[in-house]
1. Let me spell it out: the conditions are (1) in a helix (DSSP H, G or I); (2) buried (at least 20 other Cβ atoms within 10 Å of the Cβ), and PRO142 meets all of them except one. Which number is the exception?
2. State yes or no: is ASN618 out of contact with any Leu (no Cβ under 6 Å at 6 or more places or on another chain), assigned to a helix (DSSP H, G or I), closer than 30 Å to LEU383 by Cα and not assigned by TED's automatic domain parsing to the domain that holds ALA365?
3. Restricting attention to segment 402-436, and to residues there that are farther than 27 Å from ASP341 by Cβ and among the hydrophobic types (A, V, I, L, M, F, W, C), which single residue is surrounded by the fewest Cβ atoms within 10 Å (Cβ to Cβ)?
4. Got at least one residue in segment 405-414 being of a type in the set (Ser, Thr, Tyr) and without any contact (Cβ under 8 Å) to a residue 24 or more places away in the chain?
5. Is it true that some residue in segment 343-355 is closer than 30 Å to GLN587 by Cα, outside any helix (DSSP H, G or I) and in contact with a strand residue (DSSP E or B) (Cβ under 7 Å, 6 or more places away or on another chain)?
6. Tell me which of these LYS228 doesn't satisfy, since it passes every other one: (1) under 30 Å from GLU84 (Cβ atoms); (2) buried (at least 21 other Cβ atoms within 10 Å of the Cβ); (3) basic (Lys, Arg); (4) not assigned by TED's automatic domain parsing to the domain that holds THR86.
7. Condition test on GLU147, is it free of Cβ contacts under 8 Å to residues at least 40 places away in the same chain and either touching a His at 6+ places or on another chain (Cβ under 7 Å) or over 14 Å from GLY109 (Cα atoms) (or both)?
Amino acid sequence: MNPLQPRANHQFNPFEPHPELDGVEVPDPGDWVSNSDPFGMFAARGMAPPKIPPPSEVRREAKDRSTNIFAYHEKLQSILERHEATIQKRWEKKTRTQRLGILLQAWPGMPLTHRPDFAAFRKHAANLNKVAIQHRSSFIWPIINQEDLGDPKTLTLLLNSRGRNPPHLFAASDGEGMHLGRVTMAIVPIFLNEYVMTLNGMTRQEDYGRLIAWDENEDAFDWMHNRKQFIPGEGLLILEFQERLLEFLVDCCKNILHDIPLDRMTSNEFVIQPEPPLKESLDAAGFSTLGIMATEAPYRPPAKLDLRKIESLLSARTVRAEDHIWSLREDPSYFAETILDMKEHLLGIHSTTKLQRDDLAWARAISSVLVESFFQLETFAELRNQATHLRGLSRKYGPGLSPEKDLPEEYLAALLRFRHYLNQVTKGVLSQLKLSVAASPPLRSFFVQNVPISTKSSMIRVMPNSAMKRDKAATQLIWLLQTLWEDGHDLFLCRMTAVIDELDRLLKAEPRALELVSPYIAMLISELSITGECLRQLEIFQPWANGFEGALVDREAGIKKEFAEHTKVWAQIYDAFKEQNIIAIQQLGDPSGGKFQYPVGKRRNKANIETLRRSEANLDAFWNAADDILYRKAGSINGTAYKQVLSLPRYLQRTPEWVEPAAKKEEKSNHNHHQQNNGSYEYVSPSSWLLQGTGTTSSARAEALASGAGKTKVKRRGMPGSEPTSENDIAPPPPGSLADPQPTFKVDARALKVFRNVFFDPAANTSAGEVAWRDFLHAMDSTGFTAQKLYGSVWHFQPTRLDVERSIQFHEPHPRGKIPFLVARRHGRRLSRAYGWHGAMFVLKDSN
């Protein structure tokens, strides 16, 4: 394992050069062999050169395979038209042993595990050339394995997709499925220069696998150069793949329908039936997951670019970034927990005295939180905006797209720009992952930090701890995480999406591996899952995706220049929040000593009210000082999502002064009882310069807030002195505006209990408590949301029965399946900000 060498005082910055993360030079994925030197790379690795057959031999092989492919496909289609429902029922009823018996009869020696190509690469990466022939089948047909096909549903998915759709539809995806084999040279295709093979869009047998010389057709070179069609060696491998796969599927049908003679199976004795529906794939609890979708994707028809899904994912992630920023400013306990968690995931600080180390450690943690929260919002807001623009272009150009034509320039340029931004955001997350894993509490015992001898050096060498033995789960986990953070040769070979898929499978299958992933590392994995899913969507935009690298050659410099210009203000904000600036206000944000203690779940009394107000004042003092630094160092930050979000007409919930019970009763008798909720809260604006664009924040006000002496009251919600009925409407409309009317949700007792905790009312006769995650999922489902688990800890909630389209994301509690009360209450605040929800909206439905 290569040592890590991050700077001791380093924090997240996606735009700072990271030589250790840049990877290595690797061949273009489309260049299986170089036309200028087809044998050089093989000679360099001590391998035999590829075969160079004459064109006549290639044509003969392609024709024979194409003939067999169409014959097998016709047979499979005819069988399914008459017997697919019977096949599905029989297959589902069989035991796993019986299913494996049928599979092995049709494919002897079938590999045992999911992604056998990935397993072979991990095991033999150092000498893959020597064992390539042994594992050739695994690299060509990675979808053929006992673990996946032994499942009750996977084979029926594969039968349906291949039998109900023409072979050409799968040509590009079948070629992509061999990516690991071809880039590792475990698969060595034949070499034939100045020819192209047609597969994409070829519906006739005589055109499928047709070999065309460049000088025979004026478009032939362009077809290959832009990856619309295939180089001959690649095309033959795809034909080999499809021929053997379709033969296998026909044999499986014969074995499942063993009681029907072969000559009668497709005769008119059996009438053609309607295509039976396929059941939706859900996890054990009945929810859709990104992991299940990724596992099933190779067995379904190639997916189409789903820009609506991309926009939904990025929009919800942007909202989560916005909520994170508001929670850091509004909730003292959330702020303190975030700073403490960040401090636990930073490598050591080395200074002359313990006091200096503590001050630097807190300053660095605060700085990292400020920088990370800003970049999360800016990057995902930018990606969301680009995805929205792409959806518009898709509606404009989509109907006229054809595999034989180039993409319109406007559409292609927008896709390449989006892809570049995705890659840059992903590199930033990978950088943060690298800097956090070795410091993460569950994993830090597997590493040793070597303190630099020179006090002038800030570099720390992080090495594996040889004294700490790794079990199988820890070894696999660290290998996968390292493959991601190194962003080098192994990641290029395996592809990030495949590594994240394997990481998700490991965390599901190995409880020990899950224990080693802290909530913060799970969050970073979730970030990669979102950008990775977006990149995966671009990869399936075939055949045009095959040509993205070539199209980028003439456009890359312009895209990079535009990116640098667009993110110039981001770099200014990063500089403003550097720890050398934050050290001046470090004491205001240091959460030690109970400075941000926040007993919000306790019944109100004078002592608790004073504690709440003091913590809120301490938090306001910090943010006034931090905003003052940001304004002095970076100016008004106009044009950023950060400025836009904090300039919205939103107000921070704050606790008013304690009023003795006798005074409350007297006030209550003098006022109407039917008032809005939350008369017990006042609302204050964020720092005024963010709203007005002028630097009006003063250090005097910050000091006053820190001492608890001065709070500016903007407005109390409801009539003065109104008795509080709940703590529900967390994010009210601006003072003087009217709240939108909200529906009433009639829910069962299980969901109602969840919402009473999420929208906790300290004045009611209820007690604060934690919420089971499965109960939270049930409650969200009962109000009209569908939930899908992404990777890491994030769940994506999409409204389906509401009059809004806005999605929202929440983190599943880790490692326990219970949401702590304070976190549940924050979920309530987020639901209020997003949808205007409050506790009074939820009532128990009639049991009758």
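The values are calculated or read from the model by the stated rules, or taken from the named source; none is laboratory data. Source: prediction; values computed, not measured. When we count neighbours, we look across all protein chains shown, and the Cβ atoms used for this are built from the backbone with ideal geometry, even at glycine.
1. Answer for PRO142: the failing condition is (1).
2. Details: out of contact with any Leu (no Cβ under 6 Å at 6 or more places or on another chain): yes; assigned to a helix (DSSP H, G or I): yes; closer than 30 Å to LEU383 by Cα: no; not assigned by TED's automatic domain parsing to the domain that holds ALA365: yes.
No: the conditions fail for ASN618.
3. Here is the first cut: in segment 402-436, the ones farther than 27 Å from ASP341 by Cβ are 402-421, 423.
Filter once more, keeping what is among the hydrophobic types (A, V, I, L, M, F, W, C): 407, 412-416, 418.
On the way: LEU407: 20, LEU412: 19, ALA413: 16, ALA414: 19, LEU415: 22, LEU416: 20, PHE418: 21.
So, considering only residues that are farther than 27 Å from ASP341 by Cβ and among the hydrophobic types (A, V, I, L, M, F, W, C), the one surrounded by the fewest Cβ atoms within 10 Å (Cβ to Cβ) is ALA413.
4. Quick first cut of segment 405-414, residues of a type in the set (Ser, Thr, Tyr) only: 411.
In the following step, the residues that additionally are without any contact (Cβ under 8 Å) to a residue 24 or more places away in the chain were identified as 411.
Yes, there is a match, as at least one residue in segment 405-414 is of a type in the set (Ser, Thr, Tyr) and without any contact (Cβ under 8 Å) to a residue 24 or more places away in the chain.
5. Start the filter on segment 343-355 by keeping residues that are closer than 30 Å to GLN587 by Cα, which leaves 343-355.
If we keep only those that are outside any helix (DSSP H, G or I) as well, we get 345-353.
Retained after the next criterion (residues that are in contact with a strand residue (DSSP E or B) (Cβ under 7 Å, 6 or more places away or on another chain)): 347-348.
Within segment 343-355, one or more residues are closer than 30 Å to GLN587 by Cα, outside any helix (DSSP H, G or I) and in contact with a strand residue (DSSP E or B) (Cβ under 7 Å, 6 or more places away or on another chain).
6. Here LYS228 meets the rest and fails (1).
7. Numbers: free of Cβ contacts under 8 Å to residues at least 40 places away in the same chain: yes; either touching a His at 6+ places or on another chain (Cβ under 7 Å) or over 14 Å from GLY109 (Cα atoms) (or both): yes.
Judged against the criteria, GLU147 is a match.
Conditions tested, residue by residue: (1) out of contact with any helix residue (DSSP H, G or I) (no Cβ under 7 Å at 6 or more places or on another chain); (2) surrounded by 14 or more Cβ atoms within 10 Å (Cβ to Cβ); (3) at pLDDT below 85.
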{"residue": "ILE272", "(1), (2), (3)": "no, no, no"}
{"residue": "LEU282", "(1), (2), (3)": "yes, no, yes"}
{"residue": "LEU290", "(1), (2), (3)": "no, yes, yes"}
{"residue": "MET293", "(1), (2), (3)": "yes, yes, yes"}
{"residue": "ALA303", "(1), (2), (3)": "no, yes, yes"}
{"residue": "GLU311", "(1), (2), (3)": "no, yes, no"}
{"residue": "ALA316", "(1), (2), (3)": "yes, yes, no"}
